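All remarks here apply to the structure that follows.
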Amino acid sequence: NEKISDVIINAIFTMLDNVMYSGDRGEKKHLLVDEMVSMVSSKGGPAVANQLKRAFRTYRSLNCMCGIASQNEEDLTSEVGQAIIGNITKRIILKPRREMIPMLMQTLGLKSERHADNIRSLDTKPGYFSEFYLMSPHGEVICRLIPDRLTYAIATTTPDDVAEIKRL
């Protein structure tokens, strides 16, 4: 119910605030938010959105690296998504669907054809490698993550791989 979700949201952000404001400000902290759209669109969503916007605007000055992980471009186009994008200095872009590249470029404020070319060039071969585009104030690079077989087996969610692991 909405009253309970408000209590939980406030408790989580009070705990985060305590870590950020009361902890050692010289110590690097990290906040990674996953599945943001489901949090913001659920009951209590406006409270979550306001807390996330506040966190991303203030925690960076408290030596916290804030980020979102999203597979849904709607996360980025929302009001809270735009507030978060405005406060992120590093971006990691995984291979998007081709038709989403123009929206991604617009949402992230990328105007250079170089960015579009780099994003279009991303490739993934499940079980072998996955590429991502890393952008920071220090530069840009396309990276290739090549997992060893054990790491891949532990992390895979590909249905055929999961079935094979269960069979073994």
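The values are calculated or read from the model by the stated rules, or taken from the named source; none is laboratory data. Remember, predicted model here, so these are calculated numbers, not experimental data. Here the Cβ positions follow ideal geometry from the backbone for every residue, glycine too, while neighbour counts run over all protein chains shown. Ligands, DNA and RNA are stripped out before the accessible areas are found, and what is left, the full protein with its side chains, is counted by its heavy atoms. Shrake-Rupley method; radii C 1.70, N 1.55, O 1.52, S 1.80 Å.
Okay, here's what the table says:
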{"quantity": "From ILE68, ILE88, ILE101, ILE119, residue being on the phi < 0 side of the Ramachandran plot, touching a Phe, Trp or Tyr at 6+ places or on another chain (Cβ under 7 Å) and aliphatic (A, V, I, L, M)", "calculated": "ILE119"}
{"quantity": "LYS53 being more than 19 Å from PHE132 (Cα to Cα) and open to solvent by 20 Å² or more (accessible area, probe 1.4 Å)", "calculated": "yes"}
{"quantity": "Residue list for segment 20-49, filter: buried (at least 16 other Cβ atoms within 10 Å of the Cβ), assigned to a helix (DSSP H, G or I) and modelled with pLDDT of 85 or more", "calculated": "MET20"}
{"quantity": "Test: residue in segment 83-95 that is touching a residue at least 40 places away in the same chain (Cβ under 8 Å), surrounded by 11 or more Cβ atoms within 10 Å (Cβ to Cβ) and assigned to a loop (DSSP other than H, G, I, E, B)", "calculated": "yes"}
{"quantity": "Pairs where the first residue, in segment 139-154, is more than 15 Å from ARG91 (Cα to Cα) and modelled with pLDDT under 95 and the second is open to solvent by 60 Å² or more (accessible area, probe 1.4 Å) and of a type in the set (Val, Ile, Thr), C-beta under 7 Å, 6+ apart", "calculated": "ALA153/ILE165"}
{"quantity": "Complete set of residues in segment 101-159 that are over 21 Å from ASN72 (Cα atoms), open to solvent by less than 90 Å² (accessible area, probe 1.4 Å), outside any strand (DSSP E or B) and hydrophobic (A, V, I, L, M, F, W, C)", "calculated": "ALA153"}
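Conditions tested, residue by residue: (1) modelled with pLDDT of 80 or more; (2) outside any loop (DSSP other than H, G, I, E, B); (3) of a type in the set (Val, Ile, Thr).
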position	(1), (2), (3)
ALA55	yes, yes, no
THR58	yes, yes, yes
SER61	yes, yes, no
CYS66	yes, yes, no
ASN72	no, no, no
